[in-house]
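A short write-up of the structure that comes next.
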Amino acid sequence: MDSVPELPLTMGLGTCSPLGSSSDFLECIPMNKQINLLPFSHLFSKMASLSVKPGQRFTLPDWQNNSILISADAEQQRYNSHHIRQEGRALRNETGNQAKWDEHNSQTQLKDRITIVDRWRETLARCLTEIDLEIDALTKMKEAAENALQAKNLCLDVAIECLTFRESRRDIDVVRDPVEEELHREVKVIEKTKKDLQQRIDDAFKQLCLLKEARQQLNCDYQHKVEALELDRQCVSFNPTSGNISFKVNPTRIPYGTTALHEWEQNSQCNKDRAEAEMKASVDLRGAITLTIAQTNNELDAQRIATEFALRKRIRDMEAALNELRWQEQNTLEEIAEMEEEIRQLEEDIRKRTLDLKVAHTRLETRTYRPHMELCRDQVPHLAWSLQATDREGGSEKRSVRTDRRGPAAGRDNPCAPAEADRVTTDIGYKTNSLQLDNKCMDTRRKLVVPVEKFEPEVDAVNRTRNLPRSSQLELA
């Protein structure tokens, strides 16, 4: 049998090295190219006579080279696969660790953030409690100031009522005495205290508005932090097994209105500082209101004591003057009674002297009838002088009686004339009226020291003039 000559494998793209990689070897063999075998003429001539399997025939080196190539390619593929597996494992480990640490860092930062926000929430909650207490305290102090202002209305009404009472004085008793001056001064003090209290009430109202505004900002910041805590706690609770996780569109975007961390902290600090400043101002205002209430009460008490002292002194002076007038009235009436008795006796004496005068007249007239030289002026003329003296005395007494009977216009020279008694009596009526009015003022001023529900007036509060003297008592005919 003839041997088949060795035929080199000629590739359309070149000769492939058996030591190359499997991918290089496969690439160097084109699938649409056929291997050229030389020479072909004697091969086809032999095949025409022998029974040979048609197809390509390879040499042993080709077969060996093919086996080597397959083995090398398998080793290379395993090597590459092992390398890829190692790289994938390393990548998995790296990405797993990175994801774990990133998740841990995110969890830790979220917890730290929750701690910070929760600390601010507690601070704001404590500040809210304090500002609520301060608002309640300032509201109560404002109500106390309003009650004090309302109480000043009673003082003003009492002072005006006393002034109105004293306007009912008559004639010479209508004087601007220390009581009236103290009452007018009391009205001025009350108006001043009311003005001061009203100013404090207005300041308290404005401070309450500022406190409520600061509280509103605190409460808004507190509610925002509560919501932020709920969202952050919800984020902490998320894990890969959670059912409500999904991909989001552009989750790394920065929402509109996002602030920096220092701005966030500065906003909370500003709200807290403002609330503390308003609370400090409120505490100072409460102290000022307390001081104003105490000062106004002290001023009114001092003025009340001064007014009542002047009123008591005036009542004492009025009682002394009234007692003096009553004593004068009594003495004057006694003197008038004695004078009237004296006038009666004088009239009786005048009547007796009239008879004597008639006797003297008769004697003198009878002696005028003496005849001639017997009609001389003897020692008897003293009878005429006695007659003239008696006539003069009788005329003077008559004129005195007539003067006393004609009344005040003709009796000004008589110190015990009835007109003087009438004047004293009228003045007693005036002073009695003034004394009753001052006593009513003292009784009315008891409202300032006695609670209203326990106050019982000593005089009729409806018929204020029931104890006043009547006009018939003040004007004597």
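Worth a mention:
- Ellipsoid semi-axes for segment 146-280, based on the Cα gyration tensor and the rule √(5λ), read 70, 14, 10 Å when sorted largest first.
- Just so you know, the Rg over Rh for segment 256-343 is 1.80, from Cα atoms, with Rh as the Kirkwood radius.
- Candidate cross-link partners of Lys358 among the aspartates and glutamates, defined by an alpha-carbon separation under 18 Å and a same-chain spacing of 8 or more, comprise Glu347, Glu348, Asp349, Asp391, Glu393, Glu397.
- Once the Cβ-Cβ distance of Ser67 and Cys270 is raised to the sixth power relative to R0 = 60 Å, the FRET efficiency obtained is 0.10.
- Using 0.36 nm per residue and subtracting the Cα-Cα separation, the extra length available between Arg370 and Asn250 on full extension is 26.0 nm.
- Between Glu191 and Arg126, the FRET efficiency from the beta-carbon distance, with R0 = 41 Å, is close to 0.40.
- Loop-located chymotrypsin sites (Phe, Trp or Tyr not before Pro) across segment 234-283 with a Cβ neighbour count of 11 or fewer within 10 Å are Phe247, Tyr256, with loop assigned by DSSP.
- Which listed pairs, of Lys140/Lys194; Lys225/Lys248; Lys206/Lys272, have C-alpha distances above 23 Å, in listed order: Lys225/Lys248
- Set of lysines with alpha-carbon distance to Lys352 below 20 Å, sequence-local pairs under 8 removed: Lys398
- Rounded if a/c under 1.5, otherwise prolate or oblate - segment 132-218, Cα gyration tensor axes: prolate
- Carbon-plus-sulfur accessible fraction, segment 142-202 (probe radius 1.4 Å, protein heavy atoms only): 50%.
- Per-residue Karplus couplings for segment 276-281, computed as 6.51 cos²θ - 1.76 cosθ + 1.60 with θ equal to phi - 60°, are listed in order as 5, 5, 5, 5, 5, 4 Hz, Gly and Pro entered as x.
- Taking 0.36 nm per residue of sequence separation and removing the Cα-Cα distance, the Ala294/Gln216 pair yields an extension gain of 24.8 nm.
- Ellipsoid equivalent to segment 74-232 - semi-axes via the Cα gyration tensor, in Å: 87, 9, 8
- Estimated inter-spin distance, Gln77 and Arg377, nm [label 7 Å along Cα→Cβ]: 20.5
- Phe238 paired with Gln86, simple spin-label distance in nm, labels 7 Å along Cα-to-beta-carbon: 3.8
- For the pair Lys280 and Leu355, the difference between a 0.36 nm per residue extended length and the Cα-Cα distance amounts to 15.9 nm.
- In this structure segment 114-194 gives 52 Å² per residue of accessible area when probed at 1.4 Å with all protein chains present.
- With both labels modelled 7 Å from their Cα along Cα-to-Cβ, the Thr258 to Glu230 distance reads 2.3 nm.
- Residue-normalised accessible area of segment 195-249, expressed per residue, 1.4 Å probe, Å²: 69
- Distance between segment 188-243 and segment 311-379 - C-alpha centres, whole angstrom: 101
- Rounded FRET efficiency, nearest 0.05, which uses the C-beta distance separating Ala321 from Lys447 and R0 of 41 Å: 0.90
- Hits among lysines - C-alpha to C-alpha of Lys192 under 19 Å, sequence gap 8 or more where chains match: Lys142, Lys152
The values are calculated or read from the model by the stated rules, or taken from the named source; none is laboratory data. As the structure is a computational prediction, the values presented were derived from the model and not from experiment. Don't worry about glycine lacking a Cβ; one is built from the backbone with ideal geometry, like all the others, and counts go over all protein chains shown. Heavy atoms of the whole protein, side chains included, go into the accessibility calculation; ligands, DNA and RNA do not. Shrake-Rupley method; radii C 1.70, N 1.55, O 1.52, S 1.80 Å.
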